[in-house]
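Below is one structure, written out as structure tokens, with a few remarks after it.
Values quoted throughout were computed directly from the atomic coordinates according to the rules given, and no laboratory measurement underlies them. Remember, predicted model here, so these are calculated numbers, not experimental data. Positions of Cβ are generated from backbone atoms using ideal geometry, with glycine treated the same way; all protein chains shown enter the neighbour counts.
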Amino acid sequence: MPELNFRILPATKKLTGKTPSESETIMTEVVYPNDTNPMGMLHGGKLMQWMDTASAVCAQTHAERIAATVSLNKVIFKRPAKIGDIITIRAKITRAFNTSMEIFVQAWARRVLSREKYLINEAYFTFVALDDNAVPVAAPKVKPVTAEEKLHYKQALERKTNNNN
């Protein structure tokens, strides 16, 4: 049997950037009675926990390392979800700055019987990439591809600038 020689190549995607679709995360949950208030509506805190988890997976996939939540910006609760609804959460990176990454998260509810699907929440999460000692490190750049991704990329800088004032 011939000897195989392997050559380890550098992670060029980290050097040149990654597209938002490479780390896009979609998570699905079901609203159970213990997730709701006495009116049978999903607790906002439970939904935020699910959204934080989906955005963490997205940030960590993009950075290829552990990332921690730094902030939430512009959380909008649009409509309530109820017991039995299926919740789909979509997290997509909009932009990476030095060590921080902005993740746009949308949550949709779907009624099982009627199949009605509607937006219940959206928010912007900011994460920071961490090394093994929990020290912030540079995150890979984002290379937007679609028109929507390019718009989110541009608006992320505007949000960051406005939040720092």
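Of all aspartates and glutamates in the structure, those lying under 13 Å Cα to Cα from residue 74, and not within fewer than 8 positions of it along the same chain, are 102, 122. Counting beta carbons within 10 Å around each of 152, 62 and listing the fewest first gives the order 152, 62.
Among the listed pairs 117/154; 18/46; 18/154, those whose Cα-Cα separation exceeds 19 Å are 117/154; 18/46. Other residues whose C-beta falls under 14 angstrom from the C-beta of residue 87 contribute a net charge of +2, scoring Lys and Arg +1 and Asp and Glu -1.
With K and R counted +1 and D and E -1, the other residues having a Cβ less than 12 Å from that of residue 112 yield a net charge of +3. When each of the peptides 118-124, 74-80 is scored by the mean number of other C-beta atoms lying within 10 Å of its residues, the order from highest to lowest reads 118-124, 74-80. A cut-off of 5 Å between modelled amide H atoms, ignoring neighbours fewer than 5 places along the same chain, links residue 142 with 18, 96. Measure off 7 Å from each Cα along the Cα-to-Cβ vector at residue 21 and residue 119, then give the distance between these two points in nanometres to one decimal. Between residue 21 and residue 119, the label points sit 2.2 nm apart. Other residues with beta-carbon under 10 Å from the beta-carbon of residue 156 carry, at +1 per Lys or Arg and -1 per Asp or Glu, a net charge of +2. With helices as the sole contributors, the chain gives -8000 deg cm²/dmol at 222 nm; each DSSP H run of n ≥ 4 counts as -39500 (n - 2.57), and the sum is divided by every residue.
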